[in-house]
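Each reported figure results from applying straightforward, stated rules to the coordinates on display, with no laboratory input. Here the structure is a predicted model, which means the values were calculated and not measured. All Cβ positions, glycine included, derive from the backbone under ideal geometry; neighbour counts span all protein chains shown.
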Amino acid sequence: MTKSYKVAGHVFSFVFPEEHPLWGLTGQYKPFEIPTDPSPLFIVELVESLPVETLEKVYGGDEEPGQPVILLYRRNGGWAFEMAPCPGRPVCGRAYVDGTFSHVRLQILRPSEGLFALNNAAMLVFAFSTASLDTLEMHASVVVNSGKAFLWLAKSGTGKSTHSQLWLDNVQGSHLLNDDNPVVRVMEDGHTEVFGTPWSGKTPCYRNEHYPAGAFTEIVRSPENRIRRKSVLEAYALLYSSSSGFKADPAMSDGLNATYEKIITATPCFTLECRPDADAARVSSETLLKL
Amino acid sequence: MKIKEGFKLRTIVGEHIVTGEGLAQVNFNKIISLNETAAYLWEHVTGKEFSVEDLTKLLLDEYDVDEATASKDAAAIADKWIEIGIVEK
């Protein structure tokens, strides 16, 4: 059984056995479902087993407490990766991917973590297969106000979601677009558009909506609330560190860099030093809503 | 010395930026900003063995600078590149 989804204009499909219990857990994908597409960008196929192959580890992942672990391997003609929910937990899913990131064979090793494995496989391959298509999968929380999307970026635990919540509570007319993994795309006319996705971290916010980007803002904890525009170099560092992709692949790296440059040219980037309080939302909204 | 495998210079909106790319640098998570002169040197030594003398000559070829200053600056940038791990002896 095949179901297709469209996220930020890119189509992918899941191919699972008809009766597979994982279908019942994929509600977050429902808003993005489209009639079955004959030529998706990539498919994720659930398989019972994967052939034993020689895998050469290329990336061990940055092991941060509480954060998912992704191990990446090279295999003959493509890639393989393994996923665990956090450091110290067993691998719950293994995937073999072809060299063009168009076909994922996913084996779930721990059924209770099947959705986690599916989500991570889909997110990873989405990022890889769209890297050359003016698309970035970002680690960000996004609020919409006045028809524009405002992205908050920072390392986990810094206060992205908190700042979104401060806008929801204090800046009239705000709503949450995505709380963890929005997709941004440079459109044909050069502007940056921000899309909701089926992936939103711990917050179930799976909106199939999109808005022009207002600004990318890095959140930095500080005793003072203040905001300033970033230089080109700082904006590059922010996008580079906040977007998914695999820079070991030359074509992917070229694609990501082309997208960074277009976004930096089209959309302002800021640093917001802030406390987690209502005044922080006042300071950021006064500047950002005037853009 | 030579530039380590996997480092690539890109110009983004007029800024010269070196990043770790390729499997050899998959765990390198910094970006390095080069000024015009450093970018000029980098471009001319990419893919080959080079010495402080080569860098000095490149500076003398391109800039109106005396040899002592060029030699000192060449040694300084080579040391810096080695220190931050993008060039190896």
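Any chance you could give the angle, 0 to 90 degrees and rounded to 10, that helix A:114-130 forms with the longest Cα principal axis of chain A?
Long axis of A:114-130 versus the principal axis of chain A: about 70 degrees.
Could you please state, rounded to a whole Å, how far the C-alpha centre of the stretch B:33-87 is from the C-alpha centre of the stretch A:118-180?
One Cα centre to the other: 42 Å.
Stokes-Einstein at 20 °C, 1.002 mPa s, Kirkwood radius from Cα pairs: D for the stretch A:194-284 in µm² s⁻¹?
My calculation gives 142 µm²/s for D.
If you put +1 on each Lys and Arg Cβ and -1 on each Asp and Glu Cβ, how big is the dipole of the stretch A:213-290 around its Cα centre, in Debye rounded to 20?
Dipole of the stretch A:213-290, to the nearest 20 debye: 180 debye.
Can you give the FRET efficiency to the nearest 0.05 for residue B:69 and residue A:54, using r as the Cβ-Cβ distance and R₀ = 56 Å?
0.55
Taking a cut-off of 24 Å between Cα atoms, list the lysines near residue A:6, but don't count ones fewer than 8 places away on the same chain.
List returned: A:30, A:148, A:202, A:262.
Work out the charge dipole of the stretch A:153-291 with +1 on the Cβ of Lys and Arg and -1 on the Cβ of Asp and Glu about the Cα centre, then indicate which of A:171, A:278, A:203 is farthest towards its positive end.
Positive-most Cα among the choices belongs to A:278.
Computed over the Cα atoms of chain A, what is the convex hull's projected area averaged over all directions, in nm²?
Projected over every direction and averaged, the Cα hull of chain A covers 15.2 nm².
When you have a sec, figure out the Kirkwood radius of the stretch B:2-88 from all distinct Cα pair distances and drop it here in Å to one decimal?
So the Kirkwood estimate lands at 13.4 Å.
Just flag the GluC sites (Glu not before Pro) in chain B sitting in loop per DSSP whose Cβ has no more than 13 other Cβ atoms within 10 Å.
Qualifying residues, ordered by number: B:5, B:49.
Report, ordered by chain and residue number, the aspartates and glutamates lying within cross-link reach of residue A:3, taken as a straight Cα distance under 13 Å and ignoring same-chain residues fewer than 8 apart.
A:18, A:33, A:37, A:45
For n ≥ 4 DSSP H runs only, could you compute -39500 (n - 2.57) per run for chain A, divide by its residues and tell me the 222 nm figure to the nearest 500?
Mean residue ellipticity at 222 nm (helix-derived): -7500 deg cm²/dmol.
Please work out the Kirkwood hydrodynamic radius for the stretch A:2-130, using every pair of different C-alpha atoms, and report it in angstroms with one decimal place.
By the Kirkwood definition, the hydrodynamic radius is 15.0 Å.
May I ask what percent, to the nearest 5, of DSSP beta bridges between residues of chain A are antiparallel?
The antiparallel fraction comes to roughly 70 percent.
May I ask for the angle, rounded to the nearest 10°, between helix B:67-83 and the longest principal axis of chain B, with both axes built from Cα atoms and the value confined to 0 to 90°?
20 degrees
Divide by every residue of chain B the summed helix terms, -39500 (n - 2.57) for each DSSP H run of at least 4, and state the resulting mean residue ellipticity at 222 nm, rounded to the nearest 500 deg cm²/dmol.
Counting only the DSSP helices, I get -13500 deg cm²/dmol.
Taking the alpha-carbon distance from residue B:89 and a cut-off under 13 Å, which aspartates and glutamates remain once sequence neighbours fewer than 8 residues away in the same chain are dropped?
Output for residue B:89: B:5, B:49, B:79.
For helix A:232-242, report the angle its Cα long axis makes with the longest principal axis of the Cα atoms of chain A; keep it between 0 and 90° and round to the nearest 10°.
The answer is roughly 40 degrees.
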